[in-house]
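Bear in mind these aren't lab numbers, they're just calculated from the coordinates by the rules spelled out. Nothing here was measured: the structure is a model prediction, and the numbers come from that model. Neighbour counts are summed over all protein chains in view; Cβ atoms, including those assigned to glycine, are modelled from backbone coordinates with ideal geometry.
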Amino acid sequence: MTADADRAEKLLDVGRLSVTFASPAGAVEAVRDVSLDLAPGEILAIVGESGCGKSALCRAIMKLLPASARVQADRLAVAGTDIRGLSERDMCALRGRLCSMVFQDPMTSLDPTMRIGAQIAEAVLAHEPGMKKDAVRRRVLELMDMVGIEDPPARYRLYPHDLSGGMRQRAVLAIALASRPRLLIADEPTTALDVTVQGQILDLLRDIQRGLGAGAVLVTHDLAVAARAADRTAVMYAGRIVEIGTTEEIFYDPRHPYTWGLLASLPSLAAEGRPLYAIPGMPPTLSPPPKGDAFACRNRYALAIDYDQAPPLFQVSPTHYAATWLLDPRAPAVARPVGGELHV
Amino acid sequence: MCETLLDVRGLCHSFPLGAGRYLRAVDGVSFRIRKGEIFGLVGESGSGKSTVARCVMNILRPQAGSILYRGVDVCDPAQFRANRRMLQTERQIIFQDSSSSLDQRMKVADIIAEPLAVNHIVPPRGSLRAEAAFQLRYVGMDPAYLDRYPPELSGGQRQRVAIARALTMEPSLLVADEPIAALDVSIQAQIINLFRHLQAEHGFTFLFIAHDLAVVRYLCDRVGVLYRGKLVEMAPTKELFDRPLHPYTKALLSAIPIPDPRRERARTRFHFDEAAFDRTGGFVQVSPEHFVLGGKEAEP
């Protein structure tokens, strides 16, 4: 009973989610056994390299995966609604109301032949059919104002190519917010933008999400993006979450060797004149995934057991988990090479 | 060490937008690169970084200004013809997107050796294949990849092949146009280390174009900041990061993301007002190596 009540409060509840794609080379296990949850008003960043399964995870939550993908999950619920068995038709009705998604490149998610205002109006109407014309216009202007597009009446009639990259991403955000979603999923929303604009968009995302009390999942390959915007951060590698915790825990007290490697390879944290730390090798292919810990062959701290058996998620604190055998009581003590006092 | 290898003077280039309008992509840009130096060119998208690189490589013909490479004006057709071989072998470029800059239908071995073949150079290591194997090993890849095709390689490997192709000519000037922007963090570090290693060992002169300031700070000796086709500030890396003078440079530096949640959230950003950008001012020398656009803004 209490577990049910607890679950109902969660905006997103994913339990043991796996996504498998059929490919000519065999089944690719893009997402393996991922569990996570999200509370209202919280931003969770999912950090990982390309091919680690972060986009597949998001699309599984949105049910936007192609039919060739096999999704298995013990739990997959958005705002208390179990979406596992839903048909595409039911999902269409829920998408937008429950969850919206913002994609990486605003130029490809906007229609180049439609005016910005009309595109936002389309999203407003899709969720509230039969709305009066002037009411739609008011709502569009309100949305444009909310995402920080200055002088909405003038911008209403512009085309996507008239806008800068940052403005386009704001327009996309307005479309995503048109249906007042409970959960916003942003897949690399700032990757295509300049640094000066990136910060503005991240701050905007945070402010809006706070204001609406919605939850957000922010997918990124850039640790700095997670540092700026996220309450909690999950690090993904080869389809698994290898470490998850509050953003502070991940940056100041990382426990997984892969997280250490990611932090150490950032030029902004490198000591002058010293070569950058580079994680040797490359991410493994996932068809089939390697035996044991997928990171073992790139891990300088790998133990014999890593090659044999995948580590479970060990609890570090009530909010912090890491999947590495180094946290097993029997493992040798390893001094953390990054994090901690380095950042204080 | 102080010999100037590349001297760009008053470079201007604009693209027609139709209806008689022009976009001034590069507007009076001048800089010099000394031999053996890594010169970084930074700016946001659309600031003209790539246009400068393409003009330097004779891919685009600038409308005004001159580009002197070893004293030869590469934009002057007569001078270019007279020195064609030298210019085409000594300058090499690495593009951002290695999936489109490498021919999908050519094997890695042929891609790497092609510059030798087209220039009718006798391979110094016996055969073209031996040369390709050597260069591939040099950039840290196993010669087993010689018979693969680019689509079979990962992004980092493809970028290494693109670098190896540029290195076969043993260039003096290497122009790298956002060579790591498309790569993952852990692979980026590998390629940055490779660049540093190559530069230390070979003494290449680098024109390194990037939008990632953390990388530029780590790799470059001197940096020029471009904004809307204008060079707004140029200084040795340390000086630029310690004492930025132009308001745009300040805004750009304050926007570098810091991978540290507490510091990242605590700091204030410096906002640059686009409307206030004055492109008419001249380049003012603040210290022997530090130049900034517009005199009055140079006040600390």
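List the GluC sites (Glu not before Pro) within the range A:205-278 that fall in a DSSP loop (any state other than H, G, I, E or B) and whose Cβ has at most 13 other Cβ atoms within 10 Å. Working shown, then result.
On the way: sites: A:Glu243, A:Glu248, A:Glu249, A:Glu272; in loops: A:Glu272.
Listed in order of number, the matching sites are A:Glu272.
Using a cut-off of 20 Å between alpha-carbon atoms, which lysines can reach A:Lys63, once sequence neighbours fewer than 8 places away in the same chain are excluded?
Cross-link targets: A:Lys10, A:Lys54.
Considering chain B as a Gaussian network with a 10 Å cut-off on Cα pairs, which listed residue, B:Asp76, B:Asp177, B:Asp260, attains the greatest mean-square fluctuation?
Looking only at B:Asp76, B:Asp177, B:Asp260, the largest GNM fluctuation is found for B:Asp260.
Based on Cβ point charges of +1 for Lys and Arg and -1 for Asp and Glu, what charge dipole magnitude is obtained for the range A:1-109 about its Cα centre, in debye rounded to the nearest 20?
Values: 13 positive and 14 negative charges, 66 e Å.
Using Cβ point charges on Lys, Arg, Asp and Glu, the range A:1-109 gives about 320 debye.
Count the DSSP beta bridges whose two residues both fall in the protein assembly as shown, then state the antiparallel fraction as a percent rounded to the nearest 5.
Details: 60 of 97 bridges.
Of the beta bridges lying entirely in the protein assembly as shown, close to 60 percent run antiparallel.
Under the definition of Cα pairs under 8 Å and six or more residues apart, what whole-number percent is the relative contact order of the range B:4-298? Don't skip to the answer; put the middle values down first.
Values: 539 pairs, mean separation 62.1, N = 295.
The normalised contact order for the range B:4-298 reaches 21 percent.
Based on the Cβ-Cβ distance of A:Asp82 and A:Lys291, what FRET efficiency does E = 1/(1 + (r/R0)^6) give at R0 = 41 Å, to the nearest 0.05?
Numbers: r = 33 Å, r/R0 = 0.81.
Given R0 = 41 Å and the Cβ-Cβ separation, E is 0.80.
Rounded, prolate or oblate for the range A:192-278? Axes are the square roots of the Cα gyration tensor eigenvalues, ordered a ≥ b ≥ c, and the cut-off for rounded is a/c under 1.5.
Values: a/c = 2.27, a/b = 1.40, b/c = 1.62.
Cα axes put the range A:192-278 in the oblate bin.
When the Karplus curve 6.51 cos²θ - 1.76 cosθ + 1.60 is applied with θ = phi - 60°, which whole-Hz ³J(HN,Hα) does each residue of the range A:47-63 get, with x for Gly and Pro?
So the J values, rounded to whole Hz, are 10, x, 7, 5, x, 7, x, 5, 6, 4, 4, 4, 5, 5, 5, 7, 6.
Setting aside same-chain residues fewer than 8 positions from A:Lys132, which aspartates and glutamates have a Cα under 17 Å from its Cα?
List returned: A:Glu122, A:Glu142.
Which residues' amide hydrogens lie under 5 Å from the amide hydrogen of A:Met236, considering only partners 5 or more residues apart or on another chain, with H built in the peptide plane?
A:Val47, A:Gly48, A:Val242
Among the trypsin sites (Lys or Arg not before Pro) within the range B:71-153, which fall in a DSSP loop and have no more than 11 other Cβ atoms within 10 Å of their own Cβ? Could the numbers behind the result be given before it?
Numbers: sites: B:Arg81, B:Arg84, B:Arg85, B:Arg91, B:Arg105, B:Lys107, B:Arg125, B:Arg129, B:Arg137, B:Arg148; in loops: B:Arg105, B:Lys107, B:Arg125, B:Arg148.
Listed in order of number, the matching sites are B:Arg105.
Once the dipole of the range A:29-105 is set up with Lys and Arg at +1 and Asp and Glu at -1 on Cβ about the Cα centre, which of A:Ala77, A:Pro40, A:Gly51 lies farthest towards its positive end?
The residue sitting most towards the positive pole is A:Ala77.
Please identify every one of the trypsin sites (Lys or Arg not before Pro) in the range A:237-344 that sits in a loop by DSSP and has no more than 16 other beta carbons within 10 Å of its own beta carbon. Please list the in-between numbers first.
Values: sites: A:Arg240, A:Arg255, A:Lys291, A:Arg298, A:Arg300, A:Arg330; in loops: A:Arg255, A:Lys291, A:Arg300, A:Arg330.
Those that pass, being in a loop and sparsely packed, are A:Lys291, A:Arg300, A:Arg330.
For the range B:231-276, what is the Kirkwood estimate of the hydrodynamic radius, computed as the reciprocal of the mean inverse distance between distinct Cα atoms, to one decimal in Å?
Details: mean 1/r = 0.0858 Å⁻¹.
Evaluated over the range B:231-276, this radius sits at 11.7 Å.
Just name one of A:Ser164, A:Val197, A:Tyr301: the one whose Cα is farthest towards the positive end of the charge dipole of chain A (beta-carbon charges, Lys/Arg +1, Asp/Glu -1).
So the residue furthest toward the plus end is A:Ser164.
Student exercise: in the range B:4-298, how many lysine pairs 8 or more apart or on different chains have Cα atoms under 29 Å apart?
Summing the qualifying lysine pairs gives 14.
Using only atoms on other chains, find how many Cβ atoms lie within 10 Å of each Cβ of peptide A:219-230 and report the average. Before the final figure, lay out the partial values.
Values: counts 0, 0, 3, 4, 6, 8, 3, 4, 9, 7, 3, 1.
Neighbouring Cβ atoms belonging to other protein chains average 4 per residue here.
Among B:Cys55, B:Val72, B:Ala25, flag the residue with its Cα farthest along the positive direction of the charge dipole of the range B:22-137, charges on Cβ as +1 for Lys/Arg and -1 for Asp/Glu.
B:Val72
Express the relative contact order of chain A as a whole percentage, based on alpha carbon pairs under 8 Å and six or more residues apart in sequence.
Once normalised by length, the contact order is 20 percent.
Kirkwood Rh, the range B:4-298, all Cα pairs: how many Å? Don't jump to the answer; show the numbers that get you there.
Details: mean 1/r = 0.0494 Å⁻¹.
It works out to 20.2 Å.
Nearest 5 percent is fine: what portion of the DSSP beta bridges confined to chain B is antiparallel?
Working: 30 of 48 bridges.
Looking only at bridges with both residues in chain B, the antiparallel portion is about 60 percent.
Can you list the HN-Hα couplings for the range B:274-280, worked out from phi with the Karplus curve (6.51, -1.76, 1.60; θ = phi - 60°), rounded to whole Hz and with x for Gly and Pro?
Per-residue couplings from phi come out as 4, 5, 7, 5, 9, 9, 8 Hz.
What percentage of all Cα-Cα pairs in the range B:95-246 are separated by more than 20 Å? Don't skip to the answer; put the middle values down first.
Numbers: 5944 of 11476 pairs.
For the range B:95-246, the share of Cα pairs beyond 20 Å comes to 52 percent.
In debye, nearest 20: dipole of the range B:4-298 around its Cα centre with unit charges on the Cβ of K, R (+) and D, E (-)? Show your work: numbers first, answer last.
On the way: 38 positive and 32 negative charges, 53 e Å.
Dipole magnitude for the range B:4-298 comes out near 260 debye.
Principal axes first, then extents: for the Cα atoms of the protein assembly as shown, list largest minus smallest coordinate on each axis, whole Å, largest first.
Extents along the principal axes, in whole Å: 84, 65, 48.
Once you put a point 7 Å from the Cα of A:Arg180 and another 7 Å from the Cα of A:Ala93, both along the Cβ direction, what distance in nm separates them?
1.9 nm
Of the residues A:Asp194, A:Asp207, A:Asp145, which exhibits the maximal mean-square fluctuation in a Gaussian network model of chain A defined by a 10 Å Cα contact cut-off?
Evaluated over chain A, the most mobile residue of the options is A:Asp194.
Can you classify the range A:89-207 as rounded, prolate or oblate using the Cα gyration tensor, where a ≥ b ≥ c are the square roots of its eigenvalues, rounded means a/c under 1.5, and otherwise it's prolate if a/b beats b/c and oblate if not? The partial results should precede the final answer.
Values: a/c = 1.67, a/b = 1.19, b/c = 1.40.
Since a/c reaches 1.5 but b/c is at least a/b, the shape of the range A:89-207 is classed as oblate.
Per residue of the range A:192-207, what does 6.51 cos²θ - 1.76 cosθ + 1.60 with θ = phi - 60° give for ³J(HN,Hα)? Whole Hz please, x for Gly and Pro, Karplus curve as stated.
Result, ordered by residue: 8, 10, 6, 4, 5, 8, 3, x, 4, 5, 5, 5, 4, 4, 5, 4 Hz.
Search the structure for amide H atoms under 5 Å from the amide H of A:Cys99, placed 1.01 Å from N in the peptide plane, and list their residues when 5 or more places away or on another chain.
A:Arg182, A:Leu183
Between A:Ala335 and B:Lys107, what is the label-point separation in nm under the 7 Å Cα-to-beta-carbon projection?
My value for the distance between the label points is 4.9 nm.
What size of dipole, in debye to the nearest 20, comes out for chain A about its Cα centre when the only charges are +1 on Lys and Arg C-beta atoms and -1 on Asp and Glu C-beta atoms? Could you put the intermediate results ahead of the total?
Values: 37 positive and 40 negative charges, 148 e Å.
Result for chain A is approximately 720 debye, rounded to the nearest 20.
Tell me the mean residue ellipticity at 222 nm calculated for the protein assembly as shown from its helices only (DSSP H runs of n ≥ 4, each -39500 (n - 2.57), averaged over every residue, nearest 500). Walk me through the numbers before you get to the answer.
Details: 24 runs with 215 residues, N = 644.
Rounded to the nearest 500, the figure is -9500 deg cm²/dmol.
Using a Gaussian network model of chain A with C-alpha springs under 10 Å, which one of A:Lys63, A:Lys54, A:Lys132 is most mobile by mean-square fluctuation?
In the Gaussian network model the winner is A:Lys132.
Can you give the net charge of the other residues whose Cβ lies under 12 Å from the Cβ of A:Ala216, counting K and R as +1 and D and E as -1? If you can, show how the numbers build up before the last one.
Working: positive: A:Arg182, A:Arg206, A:Arg210, A:Arg232; negative: A:Glu42, A:Asp187, A:Asp207, A:Asp231.
Combined, the nearby Lys, Arg, Asp and Glu give 0.
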